[in-house]
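For reference, the structure discussed in these notes is given below.
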Amino acid sequence: MGWNVSHGTNANGEFRRSYTSMSNLAQQLAHVLSTSDWRSIAYLFNRPSGDPFTVAPAEASRVADVLRTAAIHRLMPGDWGATADELADAADHAAYADEPWTWR
């Protein structure tokens with residue numbers, strides 16, 4: 001089981017990761033982001049597994065910026081940086097399409 005996040009790049013147009021993988025990504029993000037940046041996106045990761053939610057397009061754009069900041073941070077491991085960047089792409093796609101960014 002895991003998260004299926006809309007506007008991703010797989011064949012179904014989703015970004016798919018297990019709950020464990022997303023939890024591990026959250027730990028990496030918390031380590032490299034400023035406290036205020038982490039707090040501003042922590043709500044995405046601090047949810048009961050499988051509890052669907054949506055993010056407004058403007059908020060998705062802001063989240064993408066924070067994720068990209070983390071992705072290029074000098075302390076971010078490369079594989080986790082790539083994952084953060086891929087998630088940022090999904091958020092940007094939702095924002096540019098002016099559609100809700102859906103996590104289910």
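Data table
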item: Amide H contacts under 5 Å for residue 4, placed H, 5+ residues apart; result: 104
item: Cβ-derived FRET efficiency at R0 25 Å, residue 96 paired with residue 30, nearest 0.05; result: 0.40
item: Ellipticity estimate at 222 nm from DSSP helix runs (n ≥ 4, -39,500 (n - 2.57)) divided over the chain, nearest 500; result: -19000 deg cm²/dmol
item: Positive minus negative residues near residue 14 (Lys, Arg vs Asp, Glu; Cβ under 13 Å); result: +1
item: C-alpha long axis of helix 57-71 to longest principal axis of the chain, angle in °; result: 30
item: Residue among 79, 65, 89 with the largest mean-square fluctuation in a Gaussian network model of the chain, springs linking Cα atoms under 10 Å; result: 79
item: Surface accessible to a 1.4 Å probe, residue 99 within the full protein complex, Å²; result: 80
item: Stokes-Einstein D (µm²/s) once Rh is taken as the Kirkwood radius of the range 1-59 over alpha-carbon pairs, at 20 °C in 1.002 mPa s; result: 172
item: Three-way shape call for the chain based on the alpha-carbon gyration tensor, with the a/c threshold at 1.5; result: rounded
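The values are calculated or read from the model by the stated rules, or taken from the named source; none is laboratory data. Everything quoted here is computed from the prediction, not taken from an experiment. Note that each Cβ is placed from the backbone with ideal geometry, even for glycine, and that neighbours are counted across all protein chains shown. Protein only, heavy atoms only, side chains kept; ligands, DNA and RNA dropped before computing areas. Shrake-Rupley method; radii C 1.70, N 1.55, O 1.52, S 1.80 Å.
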